[in-house]
Amino acid sequence: MSGSDDVWKVNRERDGERETFESNFPKRGPFLEALAPVAGFGVSLRNFFRPTVTEQYPKVKNPTMPRYHGRHQLNRHPDGLEKCIGCELCAWACPADAIYVEADSNTPDHQVSPGERYGRVYQINYLRCIFCGLCIEACPTRALTMTNEYELAGPTREGLIYEKQDLLAPMGKNMLAAPHPMVPGTTDGSYYRQEVTGAVDEQVEWVREHRPEDPTLPENRTAEEAARG
Amino acid sequence: MTATADKPATAVVDTVTLTIDGTEVTVPKGTLIIRAAEQVGIEIPRFCDHPALKPAGACRQCLVDVASPGPDGNLRAFPKPQASCTMTVTEGMVVNTQHTSEEADRAQKGVMELLLVNHPLDCPVCDKGGECPLQNQAMSHGRPETRFVDVKRVFEKPLPLSSEILLDRERCVLCQRCTRFSKEIAGDAFIDLQNRGAQQQIGTFDEDVLDFDGYRPVGAATVDEAGKAFSSYYSGNTVQICPVGALTSAAYRFRSRPFDLVSSPSISEHDSSGSAIRIDHRRGQVLRRLADNDPVVNEDWISDKDRFAFAWQNLSDRITRPLVRKDGELVEVSWPEALAAAAAGIKAATASDDEGSARGAAVLTGGRVTLEDAYAYQKLARVVLGTNDVDSRARSTSDEEQAFLGSQVAGTGLGVTFGELEKAPTVLLVGFEAEDEGGVVFLRLRKSLGRQQVLTVAPYLSRGAEKLGATLVPAVPGREASALAELPADVREALSQPGAVIVLGERAAEAPGTFVAANEIVAATGARLAWIPRRAGERGAVEAGALPGLLPGGRTATLKGAREAVAKAWGVESLPTAKGRDTNAIIEEAAEGGIGALIVGGVSASDLAGDVATALGRTGFVVSLEVRRSEIAEAADVVLPVAPPSEKSGTFINWEGRLRAFATAIRTDAMSDHRVLDLLAREWGVELGTATVEAVNAELAALGAASSTERPAAPKARAAGKARTKKGTAVLGTWHQLVDEGALQDGEPYLAGTGRVAVARMSQATADAVGAGAAVSVSTESGTIELPVVVTAMVDGVVWVPTKSPGSWVARDLRATAGAIVTVKGAA
Ligand code: SF4
Ligand code: SF4
Ligand code: SF4
Ligand code: FES
């Protein structure tokens, strides 16, 4: 007999002397005890007489609760520079290992976010994400937030790995697509303190010079877009 | 020589017994409290303390409560907490760390709070985030909330100390590890502490740049404390030891986070020291390399080349599939097709022509491949191609060197070690520049500064030699043998001290008679010899027999007995008897159309003084085993891709003779040279037996080292006569600078920026004689190099230029080696 058999023997003996289970619930009377086997049908019966609430999805899409954890969004500063600095804290926090980030240096010709660093590669794998929102809590710049969008299904694996361009917030009013220089005289600190409220003329000039076709330039915005803001 | 040579002799050491946090511990006298605490598993927070640096007590993070017995024997407590990293233990001392003393804990928390007052806490954009001692210790020993509400001190950032090393002054905790490393270990003037109080920062002292002595980095750099542009070959170590993210490297800046990285221990492929490194990679791409601690080899340090030069293997010209030339173009084909084409091509090119005469095949392998690869190359040459024309030395060679390597290096096991080199009372360097050609060898020698006499046989005292406090034994390049023969009596005497070492570099092969002269000195003084080549694979190739006259284990290929022993072990009838030719002779022969087929692996054409282009053009069939589309690969008929060091396993043998085996860091389907050669040999129906590292090592072990009767005779050669320079000519002196334009440093512009600007050096008399102005042109029949002149105290009649630095590619442009007579003219 080997050592492990000994262990099993001891365990079996212990199992043998297990205490019998006793419920904490108050004891029911004999009548209820007799009805107990069919009590569960009560729920079904009750619902026979209630209005039907079939969700008409996808024909009708009901709004979610306001703080529902849906698809992520990478936000922008009011002048259009990206908030993400590529710090990878979201990737670090993620319990499902769904986020992949590669950072890079901003340069004067290619300023994507305020300061020195920006996220060059940003991917969220929605086949892994469990929508826990820990990444949102980790983000030091409020770059990453969650939208209420919940329609995250698709026919391919690749399609469910969202790239940076799929996650970036749409351009708002007064925003100018990155890359472009920071507002003159500001630091990354000014951006975090929300002292920058929109793109200024110098930035518009710079984009005009480097990317005259850019659709976010005032002259290239369609009337409809401008109205939408 | 036994394997225990590095262990210090067990002597009786005085010990001291003290109590730390209630635990009694006995340690050798002179131990620091912080080290004694480590021995009983008590961690005291620290920033400035580093086991390899002298104590500084700069950061005050390691404060502990100390009490020691006074003269009356009663325990007396120090009035204030003491820095445990500067105080040595005494008998009966009682130490209470933050774990047992509230006072110490409060003191540490206070220091941490002060350190964080001006720290930007920009961890999200800091490269150290995730592996930062400040982050970790702030979490374990700091306050959870900050009380500081004022504006923090800011500096412009980053300050580029050199093109590679960046300094963010606001993150600095003024621990001075960096400045201490630079002064104590590397000997390079760094920038130093300046200003006081809150404005104290690592910066430069004087603004005025002193005289330019020719040592300036290629890229932009901050001026060091001496007022010169900061330039060091070891600066990457400061990034690794900086306990915060104040020093970062441009190459790794914003690249990654520690949790992304997979770390694999490895061995550096850059020099013959075999430094232990750690390769950090992500998704199959190397992102950085760090020094690994190996007490018997590189200790805690590596050179910048070991650290930063890794981009070459993943450049866009990497070859991933075999290439075969079809209609003049190299096209991608499958492995079976390429192997068949290679074998068929070689067979056809070496077949007898109508008159029955055949051109032979030859194998060239640069000194960069592993022991296993070198073994496979030479076995293929001897067993399949039937030739002794195999050489691993893509540099100057001589028969004298080969005799020396065969009789005194191959199969001798561990010779002089790093530790013995450090302890040697006298070291004579011959044809060897410790800093430029030795990497960490230089740091080991410098460790003994003041305790060791270093002599260098060279045309001038280089800055590296100066930092070793070396004495110059002046020698005209190529005539080192005469300098050795005329060595002054006091030097000979110094070399007779027990433990003295003579270091022979690979350039000893450029000076006829050097090995003979060195052996004579050894016979007279009893000094020991160490051969330190530059490249990582040189020693391994010698052991593997990848030299024309050497079979594995140091057996000479010209002795029947030795050949028979190897033939028997390999299970072949006989081995080729014809005398093999070395690299330069093979290239020469090929340029004349005398070689039928060439197999080349890991050779840069620009390292060879011969006419490689013509040689390749006139060779019947060229097979190249390459990682990248090199010049030779472009000219080859079949190119077989092989794995770079990080994608394969193998063994380098460092100059000590120590086996430095490394495992695969990144798994890809790239194959090692030895495996590719094994497949190639099958095309002849030969089982080479080199498919795996294990198979090769088993064969090598079975062969063992040569017996004394199988070895070549000791080197014999006559020293070169006096150099005859005419007016307007000079003797060429040259060596590789550590950071230069070598093929393994491609694709790393930040590192290249720390390399030194190429200059031509000559004495005032020589400069006057050739009429040198601010610049000179150095020329031979083959070409010209034009460089700025730096007048240096050196041997007259000699001009020195770097071998492969920007604007100075000696082998390619001058087709000359050290000791050649070159024309020197003043240039505009
Ligand atoms: S929501 Fe949770 S699981 Fe999804 S990416 Fe964020 S951290 Fe990961
Ligand atoms: S989204 Fe936020 S946490 Fe993630 S990398 Fe960007 S800045 Fe960092
Ligand atoms: S730069 Fe780093 S290593 Fe140098 S003093 Fe500052 S914190 Fe210390
Ligand atoms: S570690 Fe002791 S003072 Fe810095």
Handout entry: Under 14 Å from the Cα of residue B:423 - aspartates and glutamates, other chains or at least 8 residues apart
Key = B:6
Problem - Distance in nm between pseudo-label sites at residue A:220 and residue B:54 (7 Å out along the Cβ direction from Cα) - result: 6.3
Exercise for the section: Sort out for me the Cα centre separation of region B:703-726 from region B:297-334, rounded to whole Å. Expected result: 35
Fill in the blank from the handout: Sorted list, accessible surface of protein heavy atoms, 1.4 Å probe, largest first, for A:6, B:300 is A:6, B:300
Exercise for the section: At a Cα cut-off below 19 Å, give the aspartates and glutamates reachable from residue B:726, other chains included and same-chain residues fewer than 8 away excluded. Expected result: B:768, B:781, B:796
Fill in the blank from the handout: Per DSSP, the loop-located GluC sites (Glu not before Pro) within region B:514-622 having at most 12 other beta carbons within 10 Å are B:573, B:592
Practice task
Taking a cut-off of 19 Å between Cα atoms, list the aspartates and glutamates near residue A:61, but don't count ones fewer than 8 places away on the same chain.
Solution key: A:149, A:151
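Kindly sort A:83, A:27 by accessible area of their heavy atoms, largest first, with the probe set to 1.4 Å.
Numbers: A:83 45, A:27 195 Å².
I get A:27, A:83, largest accessible area first.
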Fill in the blank from the handout: Note to self: C-alpha centroids of region B:400-456 and region A:153-201 sit apart, in Å, by 58
Exercise for the section: Work out the FRET efficiency for residue A:166 and residue B:682 from their Cβ-Cβ distance, taking R0 = 56 Å, and round it to the nearest 0.05. Expected result: 0.65
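Kirkwood Rh over Cα pairs of region B:303-439 into Stokes-Einstein at 25 °C, 0.890 mPa s: D in µm²/s?
Working: Rh = 19.6 Å.
Reported coefficient: 125 µm²/s.
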Problem - Cross-link pairs beyond the 22 Å C-alpha cut-off, checked among A:83/A:173; B:128/B:152; B:228/B:825 - result: B:228/B:825
Handout entry: In Hz, Karplus ³J(HN,Hα) per residue of region B:173-181 (6.51, -1.76, 1.60; θ = phi - 60°; x = Gly, Pro)
Key = 9, 6, 7, 6, 4, 5, 5, 5, 4
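Please identify every one of the chymotrypsin sites (Phe, Trp or Tyr not before Pro) in region B:593-683 that sits in a loop by DSSP and has no more than 11 other beta carbons within 10 Å of its own beta carbon. Could the numbers behind the result be given before it?
On the way: sites: B:621, B:652, B:655, B:662; in loops: B:655.
Filter output for region B:593-683: empty list.
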Handout entry: About the Cα centre, charge dipole magnitude for chain A (Lys/Arg +1, Asp/Glu -1 at Cβ), debye
Key = 1240
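Taking only DSSP H segments of four or more residues, each worth -39500 (n - 2.57), what value at 222 nm results for chain B once the sum is divided by all its residues, to the nearest 500 deg cm²/dmol? Numbers along the way, then the final one.
Working: 25 runs with 198 residues, N = 828.
About -6500 deg cm²/dmol.
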Problem - Over the protein assembly as shown: Kirkwood hydrodynamic radius from C-alpha pairwise inverse distances, Å - result: 33.6
Handout entry: Label-point separation, residue A:109 to residue B:765 (7 Å along Cα→Cβ), nm
Key = 5.3
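Count neighbours as other Cβ atoms within 10 Å of each site's Cβ, and list the trypsin sites (Lys or Arg not before Pro) in region B:6-74 that are DSSP loop with at most 15 such neighbours. If you can, show how the numbers build up before the last one.
Values: sites: B:29, B:35, B:46, B:60; in loops: B:29, B:46, B:60.
For trypsin sites (Lys or Arg not before Pro) across region B:6-74 that sit outside H, G, I, E and B with at most 15 neighbouring Cβ atoms in 10 Å, the list reads B:29.
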Fill in the blank from the handout: 1/(1 + (r/R0)^6) with r = Cβ-Cβ of residue B:26 and residue B:727, R0 = 51 Å, i.e. FRET efficiency to nearest 0.05, evaluates to 0.10
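If r is the Cβ-Cβ distance from residue B:131 to residue B:668 and R0 is 22 Å, what FRET efficiency results, to the nearest 0.05?
0.25
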Handout entry: Long-range HN-HN contacts of residue B:531 with modeled amide H, under 5 Å
Key = B:504
Exercise for the section: Treat region B:717-767 as a sphere of radius equal to its Kirkwood radius over Cα pairs and apply Stokes-Einstein at 10 °C in a medium of 1.306 mPa s; give the translational diffusion coefficient in µm²/s, rounded to a whole number. Expected result: 110
Handout entry: In nm, spacing of pseudo-spin labels at residue B:38 and residue A:56 (7 Å Cα→C-beta vector)
Key = 7.3
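Determine the order of B:690, A:20 by accessible area, beginning with the largest, at a probe radius of 1.4 Å.
On the way: B:690 0, A:20 120 Å².
Most to least solvent-accessible, the answer reads A:20, B:690.
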Exercise for the section: Percent of Cα-Cα pairs per 10 Å bin, from 0 to the last occupied bin, for chain A, please list those. Expected result: 6, 21, 21, 15, 11, 10, 8, 6, 1
Completion exercise
Using eta = 1.567 mPa s and T = 4 °C, Stokes-Einstein with Kirkwood Rh from Cα pairs puts D for chain B, in µm² s⁻¹, at 45
Fill in the blank from the handout: For region A:52-64, in residue order, the Karplus 3J(HN,Hα) values (coefficients 6.51, -1.76, 1.60; θ = phi - 60°; whole Hz; Gly and Pro = x) are 6, 10, 5, 5, 8, 5, x, 5, 10, 10, 7, x, 7
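The values are calculated or read from the model by the stated rules, or taken from the named source; none is laboratory data. As the structure is a prediction and not an experimental result, all values here were calculated from the model. Glycine also receives a Cβ, built like all others from the backbone with ideal geometry; neighbour counts cover every protein chain displayed. What goes into the accessible areas is simple: the full protein's heavy atoms, side chains included, and nothing from ligands, DNA or RNA. Shrake-Rupley method; radii C 1.70, N 1.55, O 1.52, S 1.80 Å.
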